[in-house]
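**Student:** One structure coming up, written as structure tokens, with questions to follow.
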Amino acid sequence: MLLEVRNLSVYYYTLSGVVKGAEGVSFNVEEGEWITFVGESGSGKSTVAHAVMNLVPSPGKVVSGEVIFEGKDILKLSKEELRQIRGKEMTMVFQDPMTSLDPLRTIGDQMIEAMTVHGVPEDEARERAKELLQRVNLPPDRLDYYPHQLSGGQRQRVSIAIAMAFRPKLLIADEPTTALDVIVQDSIMDLLDEMKAEGTSIYFVTHDISLAVERSDRIAVMYAGKLVELGTVEQIVENPLHPYTKALIEAVPDLWSERPVKAIPGYPPDLRNPPKGCRFHPRCPLAKAGICDAEEPELREVERYHFVACHFPGGAKDE
């Protein structure tokens, strides 16, 4: 097992109240696996990803849980120990590369530094940086460019090139294709596929379940800070057990069928004061008074590798 996340909870302490960004999230990532987290904005998928890297931004705080990476709890490591792991053993590509690239330094300086801090001689790092740029279909002269001189897709490819420098065991990609056109998006996904083929586990975050279906081995569905369903792509697509998962699938247009696109009614809850019981029950067509609004469902395995947190998985109500 490469990564084990156990009972992870992350809260944001704001002036308007405590936002429960993620609560009781547990899952694992196998070596060489591609797992994708999907859900609406504010579902907690990026919060969990940042917590796995021990990079929860202020005013956020991990209030409970463990993140075990190759036997070490990431949340208990010192800054120096984290520095030895981040960027080498595990790395992250952010949604907006301008938040991770220094606008005042050239691409080359940043790529070279990412390698020299882990002991690579500067001359060797420069040559490796040129090779990495070519690997992501950028000419070597881009080493002398500043981030603002590149397009959004080029900046994202630079971020991936940096992530590829040491062939990490785990790559976390937090919505790396958002705001990119479909051609650039496809090239980014192909680069991640190449990394997976070389043995890197991919932890992908997106709000687009159709994108998850194309590339993933498993899909994890988040809603209002909770992991509500987890299974293989086939299980999620062919037999979605949580009403929210089914609603996400039905909200995606299908060009090859006459199936109507269905919007999900209502809005995600305010995580400063989430609903009692199942957090999806105010929007759920299967919700039953006295059960769904009173008892919080536990994530349980209903078939091999298929987990769901629902009182009526698959739509069958107990009588």
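The values are calculated or read from the model by the stated rules, or taken from the named source; none is laboratory data. All of these numbers come straight from a predicted model, not from anything done at the bench. Here the Cβ is made from the backbone with ideal geometry for all residues, glycine too, and neighbour counts use every protein chain on show.
**Student:** Could you count how many residues in segment 204-259 are hydroxyl-bearing (Ser, Thr, Tyr) and part of a strand (DSSP E or B)?
**Tutor:** 3
**Student:** In segment 277-300, what residues are crowded, with 16+ Cβ neighbours inside 10 Å and either in contact (Cβ under 8 Å) with a residue 40 or more places away in the chain or among the β-branched types (Val, Ile, Thr) (or both)?
**Tutor:** ARG279, PHE280, CYS284, LEU286, ILE291, LEU299
**Student:** Next question, about the same structure. If you check PRO274, PRO313, PRO268, which single one turns out to be touching a Ser or Thr at 6+ places or on another chain (Cβ under 9 Å), touching a residue at least 24 places away in the same chain (Cβ under 8 Å) and either among the β-branched types (Val, Ile, Thr) or surrounded by 13 or more Cβ atoms within 10 Å (Cβ to Cβ) (or both)?
**Tutor:** After ruling out the rest, the residue left standing is PRO268.
**Student:** Further, regarding this structure: Take segment 109-155 and flag every residue that is part of a loop (DSSP other than H, G, I, E, B), in contact with a Leu (Cβ under 8 Å, 6 or more places away or on another chain) and in contact (Cβ under 8 Å) with a residue 24 or more places away in the chain.
**Tutor:** VAL136, TYR146
**Student:** From SER58, SER64, grab the single residue that is at pLDDT 95 or above, more than 22 Å from PHE280 (Cα to Cα), more than 16 Å from the chain's Cα centre (by Cα) and polar (S, T, N, Q).
**Tutor:** The match here is SER64.
**Student:** Here's a check for you: in segment 1-24, which residue that is in a strand (DSSP E or B) and hydrophobic (A, V, I, L, M, F, W, C) is surrounded by the most Cβ atoms within 10 Å (Cβ to Cβ)?
**Tutor:** ALA22
**Student:** Are any residues in segment 156-188 β-branched (Val, Ile, Thr) and either within 20 Å of SER46 (Cα to Cα) or assigned to a strand (DSSP E or B) (or both), and if so, which ones?
**Tutor:** Across segment 156-188, the qualifying residues are ILE160, ILE172, THR177, THR178, ILE188.
**Student:** Just checking, which of LEU104, LEU133, LEU170 is buried (at least 21 other Cβ atoms within 10 Å of the Cβ) and touching a Phe, Trp or Tyr at 6+ places or on another chain (Cβ under 9 Å)?
**Tutor:** It is LEU170.
**Student:** Right, here's the next one. Restricting to segment 52-95, name every residue that is in contact (Cβ under 8 Å) with a residue 60 or more places away in the chain and under 25 Å from THR177 (Cα atoms).
**Tutor:** VAL52, MET53, GLY87, LYS88, GLU89, MET90, THR91, MET92, VAL93, PHE94, GLN95
**Student:** Considering only residues of segment 143-167 that are aromatic (Phe, Trp, Tyr) and over 22 Å from TRP34 (Cα atoms), which is surrounded by the fewest Cβ atoms within 10 Å (Cβ to Cβ)?
**Tutor:** Looking at the filtered set, the residue picked out is TYR146.
**Student:** Which of the residues that make up segment 25-66 are acidic (Asp, Glu) and part of a loop (DSSP other than H, G, I, E, B)?
**Tutor:** Those that are acidic (Asp, Glu) and part of a loop (DSSP other than H, G, I, E, B): GLU30, GLU31, GLU33, GLU40.
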